[in-house]
Amino acid sequence: MIDSTLPTDTLERAQPKIKFLQQPTRPDWIDQALQNLDTILLDHSHCERKAAGVAVNMMFRYPSYTKLVRMLTAIAREELEHFELVNQWLDRRGIALAPLPAPPYGSKLSAQVRRDEPERLLDMLLVSGLIEARSHERLGLLAQHLPDPELAKFYRSLMASEARHYGAYWVLATTYFEVDVVTARLQELATVESELLATLHPHPRIHS
């Protein structure tokens, strides 16, 4: 799933480029995250909860799509398990669960979803896959750079499941749509996704 080609000046601060993503994470995101780790952990909790909600909502919208329902059931279950695990880290660090304003990333990416079917389903699958791919990349960066070895190990343990999730969304997209249609639309959405992260958001978030 990983293409190990990155400019040499970023190899020390970033992982290889992740499939689906057009641009790797900016190195200054790593600095921002490490300097605001409690906020990042709280936001990670919200991200896992939202990811479970996205999977469940899609199952309710498309209840007759048998493969979609089965695969998203597994994703929702795993996202909720991760939600609980991150919340355990919040407890350990004395961080209270609390609302946290979301960055524009998610809403602006979701705004690209077309309103009419079947394009709506395709876009929902691809947007979800892109978000999961970016999460996979950024959790890997945390695992690579966190000074706390136990917390770094925790983040490494999440990476495989995040890779499975974005792979699952690709499988579903190519189940219900022709591969060339999926590939073309993914390129369009991936361009938007990278543009949204081209400037570092002032508030530290998983997707800032």
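The values are calculated or read from the model by the stated rules, or taken from the named source; none is laboratory data. Note that the structure is predicted; figures quoted are calculated from it, not measured. For neighbour counting, all protein chains shown are included, and Cβ atoms are generated from backbone atoms with ideal geometry for every residue, glycine included. Quick note on the areas: whole protein, heavy atoms, side chains included, nothing else; ligands and nucleic acids left out. Shrake-Rupley method; radii C 1.70, N 1.55, O 1.52, S 1.80 Å.
In segment 100-208, which GluC sites (Glu not before Pro) fall in coil by DSSP and have 13 or fewer other Cβ atoms within 10 Å?
Details: sites: Glu119, Glu132, Glu137, Glu150, Glu162, Glu178, Glu188, Glu193, Glu195; in loops: Glu178.
The qualifying sites are Glu178.
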- request: Quick one: pull the percent of accessible area on segment 67-110 belonging to carbon and sulfur, 1.4 Å probe, ligands and nucleic acids left out.
  value: 58 percent
task: Report the label-to-label distance for Leu100 and Asp180 in nanometres (one decimal), using points 7 Å from each Cα along the Cα→Cβ vector.
output: 4.4 nm
- request: With everything on Cα atoms, drop me the angle between helix 66-92 and the longest principal axis of the chain, reported from 0 to 90° to the nearest 10.
  value: 10 degrees
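So with the 1.4 Å probe, I'd like the accessible area per residue for the chain, rounded to whole Å².
On the way: 10230 Å² over 208 residues.
Ligands and nucleic acids excluded, the result is 49 Å² per residue.
Calculate how large, on average over all directions, the projected area of the Cα convex hull of the chain is; give the answer in nm² to one decimal. Show your work: numbers first, answer last.
Numbers: hull surface 44.6 nm².
Computing the convex hull of the Cα atoms and averaging its projections yields 11.1 nm².
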query: Roughly how tilted is helix 179-196, in degrees to the nearest 10 and between 0 and 90, from the longest Cα axis of the chain?
result: 30 degrees
- prompt: Roughly what angle does helix 149-176 make with the longest principal axis of the chain, taking Cα atoms, 0 to 90 degrees, to the nearest 10?
  reply: 10 degrees
- prompt: At what distance in angstrom do the alpha carbon centres of segment 115-164 and segment 168-208 lie from each other?
  reply: 12 Å
